[in-house]
């Protein structure tokens, strides 16, 4: 596990992370990119607990996701199986586990104030924090992906599955987008990653 993690998280965090993973019944796997999640946690039928994290995440997002999932495991151990997945027990556990990593040896100084603010009340996904998500994105490998909140009003964009939408108005938190082929209205979270289409591309 140590040799694997060295490829995915900041070097100064490795020792502390390995200590958190010193559990006989906890298994961590690195997976290929999944479009709907960065990672997950589940209890297996054999009594073990499994954490998975996407391999395509940059080192800072990978670390945050890994600690997020470890917090699920620790909250289960401490409070039992009847707690809400992202309830107060998980929030407190996540805050406690993440605190030792919030220093300039692990994260760039530009991220630290944003992380400090986010962890006052961590959400089910860091992607719901638009400011933090955009800051973390700056450390990704170059790609053609754009967040919905960056897409200009009225512009067309494409999902990974080829479906094409036009960005509409913003509601309180999400954006109205119309699928061009069907005319149906969908609501998108601001940090959904999409491919902005060139004006010369045929929309449908």
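Coordinate-derived values only; no laboratory data. As the structure is a prediction and not an experimental result, all values here were calculated from the model. As a convention, Cβ positions derive from the backbone with ideal geometry for all residues, glycine included, and neighbour counts pool all protein chains shown.
Mind giving me the FRET efficiency for residue 37 and residue 109? R0 is 41 Å, r the Cβ-Cβ distance, nearest 0.05 is fine.
0.90
At 0.36 nm per residue, and after removing the present C-alpha to C-alpha distance, how many nm does the segment from residue 81 to residue 163 gain when stretched out fully?
The residue 81-residue 163 span can extend by a further 25.7 nm.
Given labels modelled 7 Å from the Cα in the Cβ direction, how far is it in nm from residue 172 to residue 102?
In this crude label model, residue 172 to residue 102 measures out at 2.6 nm.
Could you order the peptides 21-27, 47-53, 101-107 from most to least packed, using the average number of other C-beta atoms within 10 Å per residue?
For the peptides 21-27, 47-53, 101-107, the packing ranking is 47-53, 101-107, 21-27.
For region 1-95, what is the Kirkwood estimate of the hydrodynamic radius, computed as the reciprocal of the mean inverse distance between distinct Cα atoms, to one decimal in Å?
Over region 1-95, the inverse of the mean reciprocal pair distance is 13.7 Å.
Considering Cα pairs under 8 angstrom that are at least six residues apart, work out the relative contact order of the chain and quote it in whole percent.
13 percent.
Let me know the whole percent of all Cα-Cα pairs from region 144-204 that are separated by more than 18 Å.
When all Cα pairs of region 144-204 are counted, 22 percent exceed 18 Å.
For the chain, take N as its residue count and report Rg(C-alpha) divided by 2.2 N^0.38 Å.
After normalising by residue count via 2.2 N^0.38 Å, the value is 1.12.
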